[in-house]
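The values are calculated or read from the model by the stated rules, or taken from the named source; none is laboratory data. Remember, it's a predicted structure, so these values are computed and weren't measured experimentally. A quick note on method: Cβ atoms are made from the backbone with ideal geometry, for glycine too, and the neighbour counts reach across all protein chains shown.
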Amino acid sequence: MSKITINAELREIGNKGALKEARRANKLPVVLYGFELANMNAWVDAREMEKVFAKAGMSSLVEVKVGEQEPVKVIIKEIQFDPVTDKLVHVDLYKVDLKKAVDVEVHIILTGVAPAVKALGGVLIHGLNSIHIRCLPEDLLSEIKVDLSKLVEINDAIHVASLNLPENIELLTDPEQVIVSVKPPRVEVEAVAEEAIEETPEQEGAEKSDDGKAEGEQADKAEDKKE
């Protein structure tokens, strides 16, 4: 993946008026902290941050340059959205130790078309939207793609264990978990259920008939003995 960068400028805290004015100017407040870095409050361009987040997610390195300082390599640690507008309102950027492994959650992207859905009318069931991995910061993945074309038959499934991860990445999620699967069409399931319901009374009737026949035979034998 190409390097992801964003510029920032230092900001002072405590002035609510300045905060509102900055937001109107499309500036987004962020805080930088982490490995060998004192907490630093800064502004970034909100639109640029949205682009960075869309590309990096919370599992890729981002290079932040604050003013004239040396660039800092971070991951997006926490992000807050406005509950009404769904726009970014604050971001935490965590500086990582490039020599120490980090644990992150990587988003899963489904690609292609499942033949079991397109040709057989199956229902696609989503199991996991992300997995957890551990690796050095330079080896981080922004996303993991899963090819749906492997789902050929009804009840086929793709498990975490089938992901083709690089050797330098440790999987933390249970490999037996299902990422995505294909189940029978709902109409087919309902038809099977209806058949089961229809067969039940007949079976019960047959059992009662057999029981009645057995009781009749026992009664006949008893009469024969009396005679």
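Some notes on this structure:
- Val102 vs. criteria within 30 Å of Leu171 (Cα to Cα), in contact with a Leu (Cβ under 7 Å, 6 or more places away or on another chain) and either modelled with pLDDT of 95 or more or β-branched (Val, Ile, Thr) (or both): no
- Apart from one condition, Ile144 fits all of (1) under 17 Å from Gly57 (Cα atoms); (2) surrounded by fewer than 14 Cβ atoms within 10 Å (Cβ to Cβ); (3) outside the structural domain of Pro29 (by TED's automatic domain parsing); (4) of a type in the set (A, V, I, L, M, F, W, C); the exception is (2).
- Figure legend. Inter-residue proximity from segment 159-185: first residues farther than 13 Å from Gly127 by Cβ, second residues aromatic (Phe, Trp, Tyr) and exposed (fewer than 12 other Cβ atoms within 10 Å of the Cβ), beta-carbon distance below 6 Å, spacing 6+ or different chains. No pairs are indicated.
- For Leu128: the one exception among (1) of a type outside the set (S, T, N, Q); (2) surrounded by fewer than 16 Cβ atoms within 10 Å (Cβ to Cβ); (3) assigned to a loop (DSSP other than H, G, I, E, B); (4) in contact (Cβ under 8 Å) with a residue 24 or more places away in the chain: (2)
- In segment 18-31 there is no residue matching the filter, namely being modelled with pLDDT of 95 or more and charged (D, E, K, R).
- Residue match in segment 86-101 (condition: within 19 Å of Leu141 (Cα to Cα), part of a strand (DSSP E or B), touching a residue at least 40 places away in the same chain (Cβ under 8 Å) and not charged (D, E, K, R)): yes
- Residue match in segment 135-142 (condition: assigned to a strand (DSSP E or B), closer than 20 Å to Gly112 by Cα and at pLDDT 95 or above): no
- Condition check for Ala191: of a type in the set (Gly, Ala, Ser) and at pLDDT below 90: yes
- Qualifying position, being touching a strand residue (DSSP E or B) at 6+ places or on another chain (Cβ under 7 Å), farther than 17 Å from Val96 by Cα and either buried (at least 18 other Cβ atoms within 10 Å of the Cβ) or in the same structural domain as Asp86 (by TED's automatic domain parsing) (or both), among Ile13, Ile75, Ile6: Ile13
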